[in-house]
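Have a look at the structure below before the remarks.
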Amino acid sequence: MIVDNDPFAVRKLAEILEMISPGQRICSFGEPETALEYGAKSQVDIAFLETRLGGMNGLLLAVRLRELQPKIQVIFVTGRPEYAVDAFRIHAAGYLLKPVQPEDVRRQLSFLYGEAGGGKRVRVQTFGGFEVFVDGSPLLFKRSKAKELLAYLVDRRGASVSNSDARTILWEDGVDSISQKSYFRTIVTELRAALKRAGAEEILVRGYNSLAIVPELLDCDSYRFLEGDLRAVSLYRHDYMPGYSWAEFSVGELERRL
(Lines give C-alpha, C1' and ligand atoms only; values in the text may rest on other atoms or scores of the structure.)
Protein backbone atom coordinates (compact mmCIF):
# COMPACT_ATOMS: atom_id res chain seq x y z
CA MET A 1 0.00 0.00 0.00
CA ILE A 2 1.18 3.51 -0.88
CA VAL A 3 -0.57 6.49 0.71
CA ASP A 4 0.51 9.91 -0.47
CA ASN A 5 -1.43 12.93 -1.76
CA ASP A 6 1.33 13.66 -4.30
CA PRO A 7 0.52 11.67 -7.47
CA PHE A 8 4.08 12.03 -8.79
CA ALA A 9 5.54 10.58 -5.58
CA VAL A 10 3.04 7.70 -5.69
CA ARG A 11 3.90 6.89 -9.31
CA LYS A 12 7.66 7.00 -8.69
CA LEU A 13 7.49 4.74 -5.63
CA ALA A 14 5.21 2.29 -7.43
CA GLU A 15 7.71 2.10 -10.31
CA ILE A 16 10.55 1.43 -7.86
CA LEU A 17 8.59 -1.34 -6.14
CA GLU A 18 7.72 -2.95 -9.48
CA MET A 19 11.39 -2.89 -10.43
CA ILE A 20 12.63 -4.34 -7.12
CA SER A 21 9.86 -6.88 -6.54
CA PRO A 22 7.94 -7.49 -9.79
CA GLY A 23 4.56 -9.16 -9.60
CA GLN A 24 3.56 -7.74 -6.22
CA ARG A 25 0.08 -6.29 -5.87
CA ILE A 26 0.44 -2.55 -5.26
CA CYS A 27 -2.48 -0.31 -4.36
CA SER A 28 -2.15 3.44 -3.92
CA PHE A 29 -4.34 6.04 -2.23
CA GLY A 30 -4.31 9.81 -2.03
CA GLU A 31 -6.66 9.97 0.94
CA PRO A 32 -6.04 8.22 4.28
CA GLU A 33 -9.72 7.47 4.79
CA THR A 34 -9.81 5.46 1.56
CA ALA A 35 -6.68 3.61 2.62
CA LEU A 36 -8.34 2.68 5.92
CA GLU A 37 -11.42 1.40 4.12
CA TYR A 38 -9.20 -0.82 2.01
CA GLY A 39 -7.21 -1.97 5.03
CA ALA A 40 -10.40 -3.00 6.80
CA LYS A 41 -11.21 -5.62 4.15
CA SER A 42 -7.96 -6.54 2.37
CA GLN A 43 -4.65 -7.94 3.63
CA VAL A 44 -1.71 -5.53 3.40
CA ASP A 45 1.88 -6.60 4.13
CA ILE A 46 3.63 -3.21 3.93
CA ALA A 47 2.29 0.35 3.98
CA PHE A 48 4.44 3.16 2.59
CA LEU A 49 3.05 6.35 4.15
CA GLU A 50 3.68 10.07 3.80
CA THR A 51 3.68 11.83 7.18
CA ARG A 52 1.57 14.80 6.04
CA LEU A 53 -1.69 13.76 4.41
CA GLY A 54 -3.93 16.77 4.77
CA GLY A 55 -6.85 15.61 6.86
CA MET A 56 -4.94 12.98 8.83
CA ASN A 57 -1.39 12.75 10.12
CA GLY A 58 0.50 9.79 8.63
CA LEU A 59 1.53 8.69 12.11
CA LEU A 60 -2.11 8.43 13.15
CA LEU A 61 -2.88 6.55 9.95
CA ALA A 62 -0.13 4.06 10.83
CA VAL A 63 -1.65 3.48 14.28
CA ARG A 64 -5.12 2.97 12.84
CA LEU A 65 -3.86 0.59 10.16
CA ARG A 66 -2.16 -1.43 12.90
CA GLU A 67 -5.45 -1.63 14.77
CA LEU A 68 -6.95 -3.22 11.67
CA GLN A 69 -3.94 -5.37 10.81
CA PRO A 70 -1.49 -5.83 13.74
CA LYS A 71 1.16 -7.48 11.54
CA ILE A 72 1.34 -4.72 8.94
CA GLN A 73 4.79 -3.18 8.47
CA VAL A 74 4.95 0.60 8.08
CA ILE A 75 7.64 2.50 6.19
CA PHE A 76 7.36 6.27 6.04
CA VAL A 77 8.37 7.99 2.79
CA THR A 78 8.43 11.73 3.36
CA GLY A 79 10.23 14.99 2.77
CA ARG A 80 10.00 15.91 6.44
CA PRO A 81 12.80 14.49 8.63
CA GLU A 82 11.42 15.97 11.85
CA TYR A 83 8.91 13.15 12.35
CA ALA A 84 11.52 10.38 12.39
CA VAL A 85 11.70 10.06 16.19
CA ASP A 86 7.92 9.83 16.51
CA ALA A 87 7.81 7.30 13.68
CA PHE A 88 10.24 4.95 15.38
CA ARG A 89 8.42 5.36 18.68
CA ILE A 90 5.43 3.67 17.07
CA HIS A 91 7.81 0.98 15.74
CA ALA A 92 7.96 2.01 12.10
CA ALA A 93 10.01 -0.43 10.05
CA GLY A 94 11.70 2.40 8.15
CA TYR A 95 11.86 6.13 7.48
CA LEU A 96 12.90 7.21 3.98
CA LEU A 97 13.44 10.78 2.88
CA LYS A 98 12.32 12.03 -0.51
CA PRO A 99 13.44 11.90 -3.22
CA VAL A 100 13.45 8.17 -2.53
CA GLN A 101 15.96 6.04 -4.43
CA PRO A 102 15.67 2.35 -5.43
CA GLU A 103 18.58 1.38 -3.18
CA ASP A 104 16.77 2.96 -0.20
CA VAL A 105 13.66 0.88 -0.78
CA ARG A 106 15.68 -2.27 -1.46
CA ARG A 107 17.55 -1.79 1.83
CA GLN A 108 14.31 -1.36 3.78
CA LEU A 109 12.85 -4.49 2.27
CA SER A 110 16.02 -6.36 3.18
CA PHE A 111 15.45 -5.32 6.82
CA LEU A 112 12.03 -6.93 6.73
CA TYR A 113 12.75 -10.07 4.76
CA GLY A 114 16.51 -10.62 4.89
CA GLU A 115 16.77 -10.25 1.11
CA ALA A 116 20.09 -10.44 -0.68
CA GLY A 117 19.99 -6.73 -1.44
CA GLY A 118 21.40 -6.04 2.00
CA GLY A 119 21.03 -9.19 4.02
CA LYS A 120 21.14 -7.42 7.38
CA ARG A 121 18.22 -8.73 9.37
CA VAL A 122 19.02 -6.67 12.46
CA ARG A 123 18.26 -2.95 12.43
CA VAL A 124 19.44 -0.82 15.33
CA GLN A 125 18.04 2.59 16.19
CA THR A 126 20.25 4.75 18.38
CA PHE A 127 18.75 8.17 17.56
CA GLY A 128 15.77 9.14 19.69
CA GLY A 129 16.05 6.07 21.89
CA PHE A 130 17.70 2.67 21.65
CA GLU A 131 15.64 0.00 19.89
CA VAL A 132 16.53 -3.16 18.00
CA PHE A 133 14.44 -4.80 15.29
CA VAL A 134 14.94 -8.29 13.89
CA ASP A 135 13.14 -8.98 10.62
CA GLY A 136 11.07 -5.87 11.33
CA SER A 137 9.90 -6.95 14.81
CA PRO A 138 11.13 -5.27 18.02
CA LEU A 139 13.62 -7.25 20.08
CA LEU A 140 12.07 -7.80 23.52
CA PHE A 141 13.98 -7.90 26.80
CA LYS A 142 12.85 -9.12 30.20
CA ARG A 143 15.41 -6.92 31.98
CA SER A 144 16.29 -3.31 31.16
CA LYS A 145 19.94 -3.94 32.05
CA ALA A 146 20.14 -6.60 29.32
CA LYS A 147 18.93 -4.01 26.83
CA GLU A 148 21.41 -1.46 28.16
CA LEU A 149 24.25 -3.96 27.85
CA LEU A 150 23.43 -4.51 24.19
CA ALA A 151 23.22 -0.74 23.71
CA TYR A 152 26.70 -0.35 25.16
CA LEU A 153 28.07 -3.09 22.91
CA VAL A 154 26.53 -1.35 19.90
CA ASP A 155 28.16 1.87 21.07
CA ARG A 156 31.52 0.05 21.14
CA ARG A 157 31.09 -0.78 17.41
CA GLY A 158 32.69 -4.20 17.60
CA ALA A 159 35.38 -3.49 20.21
CA SER A 160 35.25 -6.05 22.98
CA VAL A 161 34.56 -5.09 26.58
CA SER A 162 35.61 -7.09 29.61
CA ASN A 163 32.97 -8.28 32.01
CA SER A 164 34.38 -6.08 34.77
CA ASP A 165 34.33 -2.97 32.57
CA ALA A 166 30.78 -3.75 31.50
CA ARG A 167 29.72 -4.01 35.13
CA THR A 168 31.33 -0.64 35.82
CA ILE A 169 29.32 0.89 32.98
CA LEU A 170 26.03 -0.68 34.05
CA TRP A 171 26.46 0.16 37.74
CA GLU A 172 28.14 3.50 38.22
CA ASP A 173 28.37 3.17 42.02
CA GLY A 174 31.72 1.41 41.60
CA VAL A 175 30.74 -1.50 43.86
CA ASP A 176 31.76 -4.80 42.26
CA SER A 177 30.25 -7.25 44.73
CA ILE A 178 29.71 -10.98 44.44
CA SER A 179 25.96 -10.44 44.10
CA GLN A 180 26.55 -7.89 41.33
CA LYS A 181 28.75 -10.34 39.44
CA SER A 182 26.04 -12.97 39.76
CA TYR A 183 23.39 -10.56 38.50
CA PHE A 184 25.62 -9.61 35.57
CA ARG A 185 25.80 -13.27 34.54
CA THR A 186 22.00 -13.32 34.67
CA ILE A 187 21.88 -10.26 32.42
CA VAL A 188 24.24 -11.84 29.88
CA THR A 189 22.10 -14.98 29.90
CA GLU A 190 18.98 -12.90 29.30
CA LEU A 191 20.65 -11.00 26.45
CA ARG A 192 21.66 -14.24 24.77
CA ALA A 193 18.15 -15.64 25.29
CA ALA A 194 16.50 -12.55 23.78
CA LEU A 195 18.73 -12.78 20.71
CA LYS A 196 18.16 -16.52 20.41
CA ARG A 197 14.38 -16.09 20.57
CA ALA A 198 14.66 -13.68 17.64
CA GLY A 199 17.10 -15.91 15.76
CA ALA A 200 19.82 -13.25 15.90
CA GLU A 201 22.31 -14.75 18.35
CA GLU A 202 25.07 -14.48 15.73
CA ILE A 203 25.47 -10.74 16.36
CA LEU A 204 26.90 -11.41 19.86
CA VAL A 205 30.47 -12.65 20.34
CA ARG A 206 31.52 -14.09 23.70
CA GLY A 207 35.22 -14.30 24.40
CA TYR A 208 37.07 -15.27 27.53
CA ASN A 209 35.67 -12.84 30.12
CA SER A 210 34.56 -10.43 27.37
CA LEU A 211 31.69 -9.51 25.05
CA ALA A 212 31.35 -7.79 21.68
CA ILE A 213 28.93 -7.48 18.80
CA VAL A 214 29.57 -8.01 15.09
CA PRO A 215 28.89 -4.57 13.58
CA GLU A 216 28.87 -5.91 10.02
CA LEU A 217 25.64 -7.76 10.80
CA LEU A 218 23.82 -4.61 11.89
CA ASP A 219 22.17 -1.81 10.00
CA CYS A 220 22.58 0.98 12.53
CA ASP A 221 21.63 4.63 12.09
CA SER A 222 24.68 5.95 13.97
CA TYR A 223 27.03 3.64 12.04
CA ARG A 224 25.64 5.00 8.78
CA PHE A 225 25.95 8.53 10.17
CA LEU A 226 29.65 7.97 10.82
CA GLU A 227 30.03 6.58 7.30
CA GLY A 228 28.66 9.83 5.90
CA ASP A 229 25.18 8.62 4.92
CA LEU A 230 23.30 11.89 4.35
CA ARG A 231 19.92 10.41 5.24
CA ALA A 232 21.26 9.15 8.56
CA VAL A 233 22.79 12.58 9.19
CA SER A 234 19.43 14.23 8.49
CA LEU A 235 17.74 12.01 11.09
CA TYR A 236 20.14 12.96 13.88
CA ARG A 237 18.58 15.42 16.33
CA HIS A 238 21.33 15.54 18.98
CA ASP A 239 19.56 12.58 20.59
CA TYR A 240 21.99 9.66 20.51
CA MET A 241 21.15 6.98 23.08
CA PRO A 242 19.20 9.33 25.39
CA GLY A 243 18.95 8.04 28.93
CA TYR A 244 22.38 6.41 29.01
CA SER A 245 24.97 8.68 30.63
CA TRP A 246 27.90 6.66 29.22
CA ALA A 247 26.72 7.59 25.69
CA GLU A 248 27.90 11.18 26.16
CA PHE A 249 31.37 10.24 24.93
CA SER A 250 29.98 9.15 21.56
CA VAL A 251 27.70 12.19 21.35
CA GLY A 252 30.82 14.34 21.15
CA GLU A 253 32.07 12.36 18.16
CA LEU A 254 28.75 12.67 16.37
CA GLU A 255 28.57 16.41 17.03
CA ARG A 256 32.04 16.92 15.56
CA ARG A 257 30.91 15.24 12.33
CA LEU A 258 28.08 17.73 11.75
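The values are calculated or read from the model by the stated rules, or taken from the named source; none is laboratory data. These figures come from a predicted structure and were not determined experimentally. Cβ sites come from the backbone with ideal geometry, for glycine too, and all protein chains shown count toward neighbours. These accessible areas exclude ligands, DNA and RNA; they are computed on the full protein's heavy atoms, side chains included. Shrake-Rupley method; radii C 1.70, N 1.55, O 1.52, S 1.80 Å.
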Discussion item. Quick one: 3J(HN,Hα) in Hz for the range 69-82, Karplus 6.51/-1.76/1.60 with θ = phi - 60°, rounded, Gly and Pro as x.
Written reply: 9, x, 8, 5, 9, 10, 10, 8, 10, 8, x, 10, x, 6
Worksheet, complete the sentence: Ignoring trypsin sites (Lys or Arg not before Pro) buried by more than 13 other Cβ within 10 Å or outside DSSP loops, the longest site-free run in the chain is 143-236
Worksheet item: Within the chain, what's the longest stretch lacking GluC sites (Glu not before Pro) that sit in DSSP loops with no more than 12 other Cβ atoms inside 10 Å?
Response: 1-171
Worksheet entry | Ellipsoid semi-axes in whole angstrom, largest first, where each is sqrt(5λ) of the Cα gyration tensor of the range 143-207 | 20, 14, 10
Practice prompt. For the chain, give the share of DSSP beta bridges that are antiparallel, in percent and rounded to the nearest 5; count only bridges with both residues there.
Written response: 50 percent
Item to complete: Could you work out how far the C-alpha centroid of the range 2-78 sits from that of the range 161-223, in angstrom?
Response: 38 Å
Worksheet entry | Listed residues 135, 173, 219, most fluctuating in the chain (Gaussian network, C-alpha, under 10 Å) | 173
Worksheet item: Please state the relative contact order of the chain as a whole percent: Cα pairs under 8 Å, 6+ residues apart?
Response: 15 percent
Worksheet entry | Calculated SAXS-style log₁₀ I(q)/I(0) at q = 0.15, 0.22 Å⁻¹ - the range 1-138, Debye, Cα scatterers | -0.68, -1.60
Discussion item. Can you give the local net charge around residue 200? Use residues other than it whose beta-carbon is closer than 10 angstrom to its beta-carbon, Lys and Arg +1, Asp and Glu -1.
Written reply: 0
Discussion item. Given the DSSP H assignment, sum -39500 (n - 2.57) over each helix run of at least 4 residues in the chain and divide by its residue total; what's the result at 222 nm in deg cm²/dmol, nearest 500?
Written reply: -13000 deg cm²/dmol
Fill in: Probe 1.4 Å, protein heavy atoms only - accessible area per residue of the chain in square angstrom
49 Å²
